[in-house]
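**Student:** What follows is a single structure, and I will ask about it in a moment.
Taken together, the values in this text are just the output of simple stated rules run on the coordinates, not laboratory data. The structure presented is a predicted model; accordingly, all values stated were derived computationally and were not measured. Positions of Cβ are generated from backbone atoms using ideal geometry, with glycine treated the same way; all protein chains shown enter the neighbour counts.
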Amino acid sequence: MSRLAINGGTPVRQNPWPRWPQWGESEREQIQAVLERGEWGGFDPIVKEFESRFAKRLQVKHCLTASNGTLSLVAALQVLGIGPGDEVIVPPYTFIATANAVQLVGATSVFVDIEPHTLNLDISLLEAAISPRTRAVIPVHFAGLPVDLDRLIPFAQKYGLAVIEDAAHAHGSTWHGQPVGALGDIGSFSFQASKNLTAGEGGALTTNHDHLKEGLWSYINQGRTPGGAWYEHGNLGSNLRLTGWQAGILMAQLERFDDELARRMENARRLHAILAEVDGVEPLHWDERAEFHAFHLFIMRFFPEGFQGLSRNRFVQALRAEGIPCSTGYSMPLYAQPPLQSPRSRLLPCPATEQACREVIWLTQNLLLAEPADIDQIAEAIFKIRENIEEFCIDQEDDET
Ligand SMILES: Cc1ncc(COP(=O)(O)O)c(C=O)c1O
């Protein structure tokens, strides 16, 4: 029996994992080209070129880039006319940007619980959250798995709600073969450094509706009147333009995007199959209606009973010592964060969210870019911890992870 690395044994994995972001000659050439064209900002032609390339990739009529995936959500809400007095339904298990965007336009976030096995908004709970002030819902395709759009879209239609898809984790994910981001009224993407398609920072908005595209373009460009004179500002707006540098990097990243997407899925499928047989851990459900799943994160639920009462924090520490980087994700629901607490928000009971904050473990997408044999080491490390469980004094104090 080998000693656990947390107790001084040899780690299962000693080699580094694939780095993120990845870059090569193509990024260098794009940056050089932006430099030499001398425009540099949002009017460099590469920005429009990327927008039309990304729109084509997502099978959506319009794509407009933005400075990041938080302000793109703000732009979407503004253009839909959502503001003070309005309510927007959001999940409480997501990055804070989703709800911050609602607060930033002066509307109120209404938190509705998630499904424990997908961490996506639980559509069956939406009805109870509706009020005469409800205007929109922002589903997050968490970790890359699309929310149940078969139930969400008819629900939104029934109540006249706008659907803004927060697809910050879901570049390339599909639902019944259709890429997400084009299935609601507006889709919002992030190109922040950890994301599966990245320029360090950046965002994008997608829509099939011409009038929403006009409104979004205007908001991103200081409220300029579409088709009007340069200094004609018919609307309230801001400057959310992506730079030429970012668009150039994104063009280069798009070249490897489909290969990376396929590799992440293949490795996730492999890890999923192994871990599905292991007591004490349970990978999140992969809905077969999502033929493509971005796997921005690979998430598993951890149950101490399967590891003789070992706490999640100690398990994560042991896994990290074995050379498997992982984390416990969000430590609290969004409604517990001071700027989002009641009365600034409204909430229904969210037991699944509270449970997720206590029980899940995240692995980041770059691990899924490794070779299949490397992926097996993740499972090997878990088996090693199980086999050597008596090395832990189960009553030991937990440290924060
Ligand atoms: C679900 C979700 N929505 C929105 C955002 C905001 O994106 P950005 O960091 O580009 O502002 C993020 C970023 O991490 C996110 O994870």
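**Student:** Which length gain, in nm to one decimal place, applies between Ile96 and Arg19 when the Cα-Cα distance is subtracted from 0.36 nm times their residue separation?
**Tutor:** Working: separation 77, 0.36 × 77 = 27.72 nm, distance 2.56 nm.
That works out to 25.2 nm of additional length.
**Student:** Please sort 364-377, 77-90, 274-287 by packing, taking for each peptide the average over its residues of neighbouring beta carbons within 10 angstrom, highest first. Mind dumping the intermediate values first?
**Tutor:** Numbers: 364-377: 17.9, 77-90: 20.0, 274-287: 15.9.
Averaged packing, sorted descending, gives the order 77-90, 364-377, 274-287.
**Student:** What is the Å³ per residue value for the convex hull set by the Cα atoms of segment 1-126? Present the calculation step by step, with values, prior to reporting the outcome.
**Tutor:** On the way: hull volume 30.1 nm³, N = 126.
Spread over its residues, the Cα hull of segment 1-126 gives 239 Å³ apiece.
**Student:** Also, I was wondering about something else. Please go through segment 1-53 and write out the trypsin sites (Lys or Arg not before Pro) that DSSP classes as loop and that have at most 13 other C-beta atoms within 10 Å.
**Tutor:** Values: sites: Arg3, Arg13, Arg19, Arg28, Arg37, Lys48, Arg53; in loops: Arg3, Arg13, Arg19.
Answer in residue order: Arg3, Arg19.
**Student:** Say a paramagnetic label sat at a point 7 Å from the Cα of Glu391, along Cα to Cβ; which residues of segment 6-37 have their backbone N under 19 Å from it?
**Tutor:** 6-15
**Student:** Still on this model: For labels at Glu288 and Lys61 in the simple 7 Å Cα→Cβ model, what's the distance in nm?
**Tutor:** Result for the modelled spin labels: 3.4 nm.
**Student:** In whole Å, what are the Cα extents of the chain along the three principal axes, biggest one first?
**Tutor:** For the chain, the Cα extents along the three principal axes come out at 75, 53, 36 Å.
**Student:** Could I ask something else about it? Taking 0.36 nm per intervening residue step and subtracting the Cα-Cα distance, what contour gain separates Asp376 from Glu266 on full extension?
**Tutor:** Numbers: separation 110, 0.36 × 110 = 39.60 nm, distance 1.25 nm.
Separation in residues times 0.36 nm, less the Cα-Cα distance, equals 38.3 nm.
**Student:** Please report the projected area of segment 25-252's Cα convex hull averaged over all directions, in nm².
**Tutor:** On the way: hull surface 49.6 nm².
About 12.4 nm², averaged over all directions.
**Student:** Return Tyr219, Tyr231, Tyr159 ranked ascending by Cβ neighbour count within 10 Å, so the fewest neighbours appear first.
**Tutor:** Working: Tyr219 26, Tyr231 8, Tyr159 12.
Final ranking by Cβ density, sparse to dense: Tyr231, Tyr159, Tyr219.
**Student:** Taking loop as defined by DSSP and a crowding limit of 14 other beta carbons within 10 Å, which trypsin sites (Lys or Arg not before Pro) in segment 229-289 fit? Walk me through the intermediate numbers first.
**Tutor:** Details: sites: Arg241, Arg256, Arg263, Arg264, Arg269, Arg270, Arg289; in loops: Arg241, Arg289.
Those that pass, being in a loop and sparsely packed, are Arg289.
**Student:** Just to verify a number: FRET efficiency for Tyr231 and Arg3, C-beta to C-beta distance, R0 = 56 Å, to 0.05? Spell out each step's value before the answer.
**Tutor:** Details: r = 71 Å, r/R0 = 1.27.
With a Förster radius of 56 Å, E is 0.20.
**Student:** His211 versus Leu104, label points 7 Å from Cα toward the beta carbon: distance in nm?
**Tutor:** So the two model labels end up 2.5 nm from each other.
**Student:** Next up: Could you tell me which of rounded, prolate or oblate describes segment 173-290, using a ≥ b ≥ c as the square roots of the eigenvalues of the alpha-carbon gyration tensor, with rounded for a/c under 1.5 and, failing that, prolate when a/b is larger than b/c and oblate otherwise? Before the final figure, lay out each step's value.
**Tutor:** Details: a/c = 3.17, a/b = 2.21, b/c = 1.43.
Prolate.
**Student:** Can you sort Phe257, Phe392, Phe383, Phe298 so the residue with the fewest Cβ neighbours within 10 Å comes first? Please list the in-between numbers first.
**Tutor:** Details: Phe257 17, Phe392 20, Phe383 12, Phe298 25.
The fewest-first ordering by Cβ neighbours comes to Phe383, Phe257, Phe392, Phe298.
**Student:** If one puts a single equal scatterer on every Cα of segment 257-391 and applies the Debye formula without solvent, what log₁₀ I(q)/I(0) results at q = 0.21 Å⁻¹?
**Tutor:** Calculated log10 I(q)/I(0) at the listed q: -1.26.
**Student:** Now, a different point. For segment 178-252 and segment 129-168, what is the separation of their Cα centres, given in Å?
**Tutor:** Spelled out, the Cα-based centre of one part sits 20 Å from the other.
**Student:** Between the DSSP loop rule and a limit of at most 15 other Cβ atoms within 10 Å, which trypsin sites (Lys or Arg not before Pro) in segment 91-151 are left? Show your work: numbers first, answer last.
**Tutor:** Working: sites: Arg133, Arg135, Arg151; in loops: Arg133.
Those satisfying the criteria are Arg133.
**Student:** Do the sum for the chain: with -39,500 (n - 2.57) for every DSSP H run of n ≥ 4, divided by all residues, what is the mean residue ellipticity at 222 nm, to the nearest 500 deg cm²/dmol?
**Tutor:** Values: 10 runs with 132 residues, N = 401.
Helices in the chain give a 222 nm mean residue ellipticity of -10500 deg cm²/dmol.
**Student:** Taking θ as phi - 60°, what are the ³J(HN,Hα) couplings along segment 189-195 by the Karplus curve (6.51, -1.76, 1.60), each to the nearest whole Hz, with x for Gly and Pro?
**Tutor:** Once rounded to whole Hz, the list reads 10, 10, 10, 4, 3, 7, 6.
**Student:** Using 0.36 nm per residue, how much length does the chain from Tyr159 to Ala193 gain when fully extended, once their Cα-Cα distance is taken away?
**Tutor:** Fully extending the segment from Tyr159 to Ala193 adds 8.6 nm.
**Student:** Can you compute the charge dipole magnitude of the chain about its Cα centre, using +1 on each Lys and Arg Cβ and -1 on each Asp and Glu Cβ, nothing else charged? Give it in debye, rounded to the nearest 20.
**Tutor:** So the dipole magnitude of the chain works out to roughly 920 debye.
**Student:** Now for a different question. Which one of Val316, Gly280, Gln337 has its Cα pushed farthest toward the positive end of the charge dipole of segment 257-391, where Lys and Arg give +1 and Asp and Glu give -1 at the Cβ?
**Tutor:** Among Val316, Gly280, Gln337, the one farthest towards the positive end of the dipole of segment 257-391 is Gln337.
**Student:** Provide Thr98, Thr225 in ascending order of the number of other Cβ atoms located within 10 Å of each residue's Cβ, fewest first.
**Tutor:** Working: Thr98 25, Thr225 15.
Fewest to most other Cβ atoms nearby, the residues stand as Thr225, Thr98.
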